[in-house]
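Peer 1: I'd like to ask some things about the structure below.
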Amino acid sequence: MRSPDGAPSAPPSPAELFRRVFELLSAMEDAQRAKVIGLARRLLPTLTAEDIRNPHDFPELDDPDWHFEDGQLAGIEAVRFALRGLASDVLGDGEGREARERSEIGGQPGTGGERGGAQGE
């Protein structure tokens with residue numbers, strides 16, 4: 001890696017790398033969740049984010065495009081969960097938790113990814 005003046009710089013610490021990864025995943029997850037909710041509401045405008053957690057209750061969500069986008073969201077969430085475990089192994093629980101908490105939107109770790117469909121608005 002190089003600093004802005006072109007000189008070699010020290011690589012980021014593992015904690016900083018994990019912080020950056022969690023920040024990126026959080027942004028990806030938020031964007032995908034918005035896409036899932038938006039598509040669901042095009043299919044049935046009255047749906048809430050809570051409704052989308054139970055897609056089997058709404059036949060209108062039996063749509064291949066919606067299922068694809070919801071599956072993409074599930075994949076992003078699965079990666080985030082896997083990396084949480086890796087961060088805990090690599091950094092230790094306290095430092096790993098701190099890296100995750102600093103990068104998650106609103107300082108609310110764990111609120112954006114429990115599966116069951118899209119969440120939040």
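Peer 1: Taking the stretch 8-27 as the region of interest, how many residues are of a type in the set (A, V, I, L, M) and surrounded by 14 or more Cβ atoms within 10 Å (Cβ to Cβ)?
Peer 2: Summing the residues that are of a type in the set (A, V, I, L, M) and surrounded by 14 or more Cβ atoms within 10 Å (Cβ to Cβ) in the stretch 8-27 gives 4.
Peer 1: Another question about this same structure. Residues to consider are Ser26, Ser9; find the one that is touching a strand residue (DSSP E or B) at 6+ places or on another chain (Cβ under 8 Å) and of a type outside the set (Lys, Arg).
Peer 2: Only one candidate qualifies: Ser9.
Peer 1: Which of the residues spanning the stretch 33-48 are open to solvent by less than 70 Å² (accessible area, probe 1.4 Å) and part of a loop (DSSP other than H, G, I, E, B)?
Peer 2: Leu44, Leu47, Thr48
Peer 1: Given the residues Asp51, Asp70, Asp30, which is the only one that is under 29 Å from Gly85 (Cβ atoms), open to solvent by less than 50 Å² (accessible area, probe 1.4 Å) and of a type in the set (D, E, K, R)?
Peer 2: Numbers: Asp51 fails: under 29 Å from Gly85 (Cβ atoms); Asp30 fails: open to solvent by less than 50 Å² (accessible area, probe 1.4 Å).
So the residue among Asp51, Asp70, Asp30 that is under 29 Å from Gly85 (Cβ atoms), open to solvent by less than 50 Å² (accessible area, probe 1.4 Å) and of a type in the set (D, E, K, R) is Asp70.
Peer 1: State all residues of the stretch 73-83 that are among the small types (Gly, Ala, Ser) and either buried (at least 19 other Cβ atoms within 10 Å of the Cβ) or closer than 15 Å to Ile37 by Cβ (or both); if no residue qualifies, say none.
Peer 2: Ala74
Peer 1: I'm checking my understanding of the structure. Among residues of the stretch 54-67 that are more than 19 Å from the chain's Cα centre (by Cα) and surrounded by 12 or more Cβ atoms within 10 Å (Cβ to Cβ), which one is nearest to Phe18 (Cα to Cα)?
Peer 2: Pro55
Peer 1: In the stretch 40-94, how many residues are basic (Lys, Arg) and over 14 Å from Glu29 (Cβ atoms)?
Peer 2: Of the residues in the stretch 40-94, 3 are basic (Lys, Arg) and over 14 Å from Glu29 (Cβ atoms).
Peer 1: So is Asp5 open to solvent by 60 Å² or more (accessible area, probe 1.4 Å), more than 18 Å from Ala82 (Cβ to Cβ) and touching a Gly at 6+ places or on another chain (Cβ under 8 Å) or not? Steps first, answer last, please.
Peer 2: Numbers: open to solvent by 60 Å² or more (accessible area, probe 1.4 Å): yes; more than 18 Å from Ala82 (Cβ to Cβ): yes; touching a Gly at 6+ places or on another chain (Cβ under 8 Å): no.
For Asp5, the condition - open to solvent by 60 Å² or more (accessible area, probe 1.4 Å), more than 18 Å from Ala82 (Cβ to Cβ) and touching a Gly at 6+ places or on another chain (Cβ under 8 Å) - is not met.
The values are calculated or read from the model by the stated rules, or taken from the named source; none is laboratory data. Here the structure is a predicted model, which means the values were calculated and not measured. Neighbour counts are summed over all protein chains in view; Cβ atoms, including those assigned to glycine, are modelled from backbone coordinates with ideal geometry. Each accessible area value is taken on the protein alone, full model and side chains, heavy atoms only, with ligands, DNA and RNA left out. Shrake-Rupley method; radii C 1.70, N 1.55, O 1.52, S 1.80 Å.
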